Amino acid sequence: MTAVASASHADAVPLLTVEGLRCVFDVSKPWLNRVLEGASKQSLQAVDDVSFFIPKGETFALVGESGSGKSTIAKMIVGLLRPTNGEIRFDGTDITKVGNAAEMRRLRRRFQMIFQDPYASLNPRMRVDTIIAEPLRAFGILSEDGAIATRVAELLRLVRLDPADGVKFPHEFSGGQRQRIAIARALAGNPEFLVCDEPTSALDVSVQAQILNLMKDLQAEFGLTYLLISHNLAVVRHMATRVGVLYLGRLVEVAPSRQLFTAPRHPYTRMLLDAVPDLAMSGRQRLPVQGEIPNPITPPSGCFYHPRCPLANERCTQERPALVPAAEGYVACHAVAEGRAA
Amino acid sequence: MTETSEALLEVRDLVVEFPTRRGILRAVDQISFSLMPGEVLGLVGESGAGKSLTGTALIGLLEPPGRIASGTVRLKGQQINGLPPEELRKIRGRRIGMVFQDPLTSLNPLYRVGEQLIETIRTHLPLSEAEARQRAVDLLMEVGIPAAERRLDSYPHEFSGGMRQRVVIALALAAEPELVIADEPTTALDVSVQAQIIAVLKRLCREKNTAVILITHDMGVIAETADRVAVMYAGRIVEIGPVRDVIKSPRHPYTKGLMGSIPDPEAEAERLIQIPGSMPRLTHIPKGCAFNPRCGFANDQCRTERPPVRAVGKGSVACFLDEAQLTALSLEARR
Amino acid sequence: MRDTPTALPRVSLQQKLFRLWDSDIAYSFRQSPVTMAAGFVVLLILIGAVFAPLLATQNPFDPSGLNLMDGKTAPMAVNEFTQNSYLLGTDDQGRDILSTILYGSRASLLVGFAAVGLAMLIGVTLGLIAGYRGGIVDSIIMRIADIQLTFPSILVAMLIFGVFRGVLPVQSHATLAVPVLILAIGFSDWPQYARTVRGVTMVERNKEYVQAARVIGLAPLTIMIRHVLPNVLGPVLVIGTLGLALAIIAEATLSYLGVGVPPTQPSLGTLIRVGQEYIASGEWWILFFPSLTLLALALSVNLLGDWLRDALNPKLR
């Protein structure tokens, strides 16, 4: 699947390249239980051979339902989880293999993360200015108090908050304001790349609009590159340049946003799009959704989607489909490859 | 707001309050609406709007110190708020079914699904054990649970999230209630599962002519399911009307902002319409129209007086703007 | 606070005091008469203990200040030889019981606070490490805690006390009695702190603010101290308060059993042990008043701990 990563159809140089990323969790029962119950070790393939790249200044979105591994990928990229194997190249350096702490720190400064729950991502015992100043001190960007205060005020203004708010504690803010504080913290070290893990899923829609607009403004102003993790297809459509669709830890389709939403190839992508409530009330014809996501510990054989797929045949139950080019994107589906998909 | 006598549920000036040490907080502030048999009413709003509290107040499940301070709730003409707990318990389950966001709060993890279904059926309907069992199987089949007969003997944790919510729907419908109150029934579920649950709920309520109050923050779910929709803001209903009107041509400035802020999966837009600020906390509800600090049309009247709910088109709106202005607003709205 | 931005106005002391007075915790304190009464009792004993040299009519440790003729005077009675009268009476040596209680509370509270402090220090440190690190480190620390918890802590304290006495030279026993007692009780009480802190740490560790700190690249030690520690202190404070009552009782028990502080430097426990010898001969006050003080102190501290637990529990608010 390295073909996807090294494909040169994009003009821009990829800022981030992920190749053959895999993450296996040990979900076995404790040793004693295994011995007593005669159970064997169990593992869960949270991420299974995923490859993609993100050109500078673009927004790449990973969509999927629960168990798709999208958050696991985000955590591996920012170093919160160790990949079982695979490469994560940031601006040419494989960050999974950086052994030198100083070099890792230099790299870390260039990519940051925005978390899902602004109620949990800010330390409740710290004042907002301390929270935002933390990366400045940790990365050794600034050390003098006055300079830090100036920079913190500047960051607060950047996310449309009042610099005087710095002395308050997180609980004094609404969810949307907290997410702004989290964004200010992420921007403190002038990063080039932000991993946004469901940045608006804990927020109300009217506040979500504020945050999405802010993210777009900041991207335009600083030329930021985003990896957006989301289950909300409308948000993805609004934000992303390109989209990768995950199902049970595997990429099933990668395509430019417009193509994915107007001409989805993979049956799962189609089903997902059909499942989105029809807010326009257009009464468009939709396929009824079938089945549920299988248990990721005991996934189906062959193509993971075959038990729910209307196009599945014998081959789909046996053989894992490879991600192959389709129009401007890639799709992993035997039916599409064989021309069986209408 | 129709005031016909054949209304199934009639809510008048309902007020829910929480006494706290810093004064009494009004979480639901004089809301009125009615519901016809078989009708699906969406109650939509952002967090803090009071929509869930409205639902719990209707069925008498408010957690103390919360209380209904004034107003009436009538089920087929009979006032049900203020009834003794014993009477209310008979109404819940028998005449009003409930579906909550987290299926685990409705299902007892220690009992088999079948036991819970059969118990509910036999509490409310004069059926024998065997008849109740058969009915439980039928119900599970109706909500789309495969191998229903066998699944009766499973425990709640043995079901997936979507299947569990189906069981809860079966439980809510077990005694053939006239009304189901569904509070964020699909919020905890994946999109593909949500679509199935919505379909099941819609189909069954149509078949059985059960009315539904669907409480959700998700306009998409409302668009798919509801006949009419009431939009709540800071404990008040700001707009109520047929779902198509409210979604396609919202009149109230808040509804309009809310609709504009939802990204459209069908189209690309550079920027979303955003409403400045956020929902006020209960301790700081603005004077006059609660929405006035965030509203682009607010004038002095909006800042001092509370706008009355009045009929506009096929629905009602609580706004001081005159009909022509509201209509102009609705035409401006994209959808 | 080294992170104070210089440009912004600071909150005045008055404002701070008002915020404290207006806070939910202060409010719940004011709402509970029992808690306020308990707070009053603890405060009274605390002041009495701290200012004992100023408040006591005599120093019961100083034999030169004692008059044997004053011995066994009943409370408020007039001594037939010296015409002296004592509010709570005297013991056989002519010590004023009130004064011995003031000095005795001193020893009890010193041992209690110091032992709890030591137990907290060990328990919180080990609990943080176990909860944050997990894996084998966690297993080892928690198994040690489990094993220690299978013995009654008073037994562990006696064991530690015995070992120290065996190791230390006999002449230093009297002077080192209090420090050894602190070590004994402190070492026997750490597992419950470790357990609680470990549990809370495991919850906090998975919260996104800790992940955010990791993404910034902070070292585990910094994360534990700066981020996790302040968020686990609530429950530690609660068991610390309840533990204070237990430590005071443990000290009294050890001293009662004769393995604690010597009679020349009495604690409440020692006073009770000495006092019981006179119960049969009718000098009830020598036993009664120290016992009453111990009871009031332990009960009040416990009540405060219970209140604190409820006040800090968001679910009960």
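The values are calculated or read from the model by the stated rules, or taken from the named source; none is laboratory data. Just so you know, these numbers come straight off a predicted model, no measurement behind them. A quick note on method: Cβ atoms are made from the backbone with ideal geometry, for glycine too, and the neighbour counts reach across all protein chains shown. Quick note on the areas: whole protein, heavy atoms, side chains included, nothing else; ligands and nucleic acids left out. Shrake-Rupley method; radii C 1.70, N 1.55, O 1.52, S 1.80 Å.
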Nitroxide proxy distance, nm - points 7 Å out along Cα→Cβ at A:Glu221 and A:Asp26: 4.7 nm
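Given a Förster radius of 56 Å and the C-beta distance between C:Ile279 and B:Asp102 as r, what FRET efficiency does 1/(1 + (r/R0)^6) yield to the nearest 0.05? Intermediate values should be presented prior to the final figure.
Values: r = 61 Å, r/R0 = 1.10.
Step by step, r from the Cβ atoms, then E = 0.35.
What length, rounded to one decimal in nm, is gained on full extension from A:Thr262 through to A:Asp162, with 0.36 nm per residue of separation minus their alpha-carbon distance? Spell out each step's value before the answer.
Details: separation 100, 0.36 × 100 = 36.00 nm, distance 4.12 nm.
Here the segment from A:Thr262 to A:Asp162 would lengthen by 31.9 nm.
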In nm, spacing of pseudo-spin labels at B:Arg271 and C:Asp310 (7 Å Cα→C-beta vector): 5.3 nm
Helical mean residue ellipticity (222 nm; -39500 (n - 2.57) per DSSP H run of 4+; nearest 500) of chain A: -9500 deg cm²/dmol
Dipole magnitude of the protein assembly as shown about its Cα centre (Cβ charges: Lys, Arg +1; Asp, Glu -1), debye to nearest 20: 960 debye
Surface accessible to a 1.4 Å probe, A:Met104 within the full protein complex, Å²: 30 Å²
In the range B:281-335, the chymotrypsin sites (Phe, Trp or Tyr not before Pro) that fall in loop regions by DSSP, at most 16 other Cβ within 10 Å: B:Phe297
Loop-resident sites, the range A:22-51, for trypsin sites (Lys or Arg not before Pro), counting at most 10 other Cβ within 10 Å (DSSP): A:Lys41
Distance violations [Cα-Cα > 26 Å] among B:Lys287/C:Lys16; A:Lys41/A:Lys70; A:Lys75/A:Lys168: B:Lys287/C:Lys16; A:Lys75/A:Lys168
Under 13 Å, Cβ to Cβ, from C:Asp91 - net charge with Lys/Arg +1 and Asp/Glu -1: -2
B:Ile215 accessible area, 1.4 Å probe, all protein chains in place, Å² to nearest 10: 0 Å²
Charge context of C:Gly123, other residues only, Cβ under 11 angstrom, K/R +1, D/E -1: +1
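Ordering B:Glu142, A:Glu314, B:Glu323 from largest to smallest accessible area (1.4 angstrom probe), what's the sequence?
On the way: B:Glu142 60, A:Glu314 125, B:Glu323 95 Å².
Sorted by accessible area, descending: A:Glu314, B:Glu323, B:Glu142.
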With at most 16 other Cβ atoms within 10 Å, longest stretch of chain C clear of loop GluC sites (Glu not before Pro) (DSSP): C:81-276
Karplus-derived 3J(HN,Hα), 6.51/-1.76/1.60, for each residue of the range B:220-228, Hz, glycine and proline x: x, 4, 4, 4, 6, 10, 7, 8, 10
Whole-number percent relative contact order across the range B:248-334, with pairs defined as alpha carbons under 8 Å at least 6 apart: 36 percent
Chain B, helix-only ellipticity at 222 nm - DSSP H runs n ≥ 4, -39,500 (n - 2.57), divided by all residues, nearest 500: -10000 deg cm²/dmol
Accessible-area value, C:Lys16, 1.4 Å probe, nucleic acids and ligands omitted, Å²: 110 Å²
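Order B:Ile68, C:Ile248, B:Ile24, most accessible first, counting only protein heavy atoms with a 1.4 angstrom probe.
On the way: B:Ile68 55, C:Ile248 0, B:Ile24 100 Å².
The residues order as B:Ile24, B:Ile68, C:Ile248, largest area first.
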Residue among B:Gly162, B:Val212, B:Gln79 farthest towards the positive dipole end of chain B, charges placed on Cβ: B:Gln79
Other-chain or far-sequence residues with amide H under 5 Å of B:Arg236's (modelled H): B:Asp29
Pair B:Arg281, B:Glu119: separation of 7 Å Cα→Cβ label points (nm): 4.0 nm
Ranking by accessible area, most exposed first, for A:Tyr119, C:Tyr27 with a 1.4 Å probe: A:Tyr119, C:Tyr27
Cα centroid separation - the range B:308-322 against the range C:32-80, whole Å: 77 Å
Calculated log₁₀ intensity ratio I(q)/I(0) where the Debye formula runs over C-alpha points of the range B:248-334, q = 0.14, 0.19 Å⁻¹: -0.53, -0.92
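Return the calculated 222 nm mean residue ellipticity for chain C, to the nearest 500 deg cm²/dmol, obtained by summing -39500 (n - 2.57) across DSSP H runs with n ≥ 4 and dividing by the residue count. Numbers along the way, then the final one.
Values: 12 runs with 214 residues, N = 317.
For chain C, the value works out to -23000 deg cm²/dmol.
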For the range B:204-245 versus the range A:251-319, the gap between their alpha-carbon centres in whole angstrom: 29 Å
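Relative to the Cα centre, what is the charge dipole magnitude of the range C:158-243, using +1 at the beta carbon of each Lys and Arg, -1 at the beta carbon of each Asp and Glu, and rounding to the nearest 20 debye? Don't skip to the end; give the middle numbers.
Numbers: 7 positive and 3 negative charges, 33 e Å.
Taking the Cα centre of the range C:158-243 as origin, the dipole is about 160 debye.
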Options A:Pro256, A:Leu21, A:Ala186, ranked by Cα towards positive dipole end of chain A, top entry (Cβ charges): A:Leu21
Net charge dipole size for the range B:248-334 [Lys, Arg +1 and Asp, Glu -1 on Cβ; Debye, nearest 20]: 380 debye
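Rounded to the nearest 0.05, what FRET efficiency do B:Lys208 and A:Asn100 have when you use their Cβ-Cβ distance and R0 = 56 Å? Could the numbers behind the result be given before it?
Numbers: r = 68 Å, r/R0 = 1.21.
With R0 = 56 Å, the Cβ-Cβ based efficiency is 0.25.
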